[in-house]
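This report concerns only the one structure given below.
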Amino acid sequence: MENSDISRGARTLVIVIAIAALLIALHSVFSQLSAPKVYGPDDTEIAVSAGEHFSVEVADDPAGGFRWIVAVPRPDPAVLRSAGGHEARGSAGPARYLDFEAVGPGRTDLRLVRCRRCSAGAADEPGARVLNFRVTVG
């Protein structure tokens with residue numbers, strides 16, 4: 001085997017590795033750019049475009065028996081729709097992400113309550129917490 005064959009094979013391997021690394025980096029960037037925006041409890045004003053998805057991150061406490069719900073009065077369904085939720089590790093530990101879809105132009109209020117029984121008057125339960133957001137869809 002000649003040295004030129006070895007160096008040509010090594011060069012090809014380096015090019016393949018470089019292309020693979022570039023593709024992985026591009027995938028990571030596009031994943032970050034296309035991921036829904038995440039808002040926290042202090043983001044009381046949320047502005048999004050129609051068709052956009054976003055999440056609200058709240059501290060999770062399943063061991064304490066608490067859960068987060070969208071409270072009454074519910075957001076205007078012509079403006080905002082609940083799209084479920086998921087749990088993941090957040091910036092301060094275990095977190096719950098409540099997912100939403102901006103349906104159409106308008107403004108609506110989004111009220112979240114952390115409760116145990118989550119029945120009428122849930123916001124007045126001991127340990128309950130209420131978060132209020134004003135959502136504007138343009």
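Residue count for region 36-66 satisfying the condition of being touching a residue at least 60 places away in the same chain (Cβ under 8 Å), open to solvent by 60 Å² or more (accessible area, probe 1.4 Å), part of a strand (DSSP E or B) and within 26 Å of Asp124 (Cα to Cα): 1. Residues of region 118-138 that are without any contact (Cβ under 8 Å) to a residue 12 or more places away in the chain and either crowded, with 16+ Cβ neighbours inside 10 Å or under 17 Å from the mean Cα position of the chain (by Cα) (or both): Glu125 alone. Residue check: Ser82 meets all listed conditions (1) exposed (fewer than 15 other Cβ atoms within 10 Å of the Cβ); (2) under 21 Å from Ala35 (Cα atoms); (3) of a type in the set (Ser, Thr, Tyr) but one, namely (1).
In the set (1) of a type outside the set (Asp, Glu); (2) in a strand (DSSP E or B); (3) at pLDDT 95 or above, the condition left unmet by Ile69 is number (3).
In region 103-117, which residues are open to solvent by less than 40 Å² (accessible area, probe 1.4 Å) and either under 17 Å from Asn132 (Cβ atoms) or free of Cβ contacts under 8 Å to residues at least 40 places away in the same chain (or both)? Answer for region 103-117, where residues must be open to solvent by less than 40 Å² (accessible area, probe 1.4 Å) and either under 17 Å from Asn132 (Cβ atoms) or free of Cβ contacts under 8 Å to residues at least 40 places away in the same chain (or both): Gly106, Thr108, Leu110, Leu112, Val113, Cys115. Say whether the condition of being within 27 Å of Arg116 (Cα to Cα), at pLDDT 85 or above and among the polar types (S, T, N, Q) is met by at least one residue in region 77-86. For region 77-86, residues within 27 Å of Arg116 (Cα to Cα), at pLDDT 85 or above and among the polar types (S, T, N, Q): present.
How many residues are open to solvent by less than 70 Å² (accessible area, probe 1.4 Å), more than 15 Å from Pro41 (Cα to Cα) and either out of contact with any Ser or Thr (no Cβ under 8 Å at 6 or more places or on another chain) or acidic (Asp, Glu) (or both) if we restrict to region 86-102? Counting residues in region 86-102 that are open to solvent by less than 70 Å² (accessible area, probe 1.4 Å), more than 15 Å from Pro41 (Cα to Cα) and either out of contact with any Ser or Thr (no Cβ under 8 Å at 6 or more places or on another chain) or acidic (Asp, Glu) (or both) gives 2.
The values are calculated or read from the model by the stated rules, or taken from the named source; none is laboratory data. Predicted, not measured: the structure shown is a model, and the values here were computed from it. So basically every Cβ, Gly included, is an ideal-geometry build from the backbone, and we count neighbours across all protein chains shown. Just the protein is used for accessible areas: all its heavy atoms, side chains included, with ligands, DNA and RNA removed. Shrake-Rupley method; radii C 1.70, N 1.55, O 1.52, S 1.80 Å.
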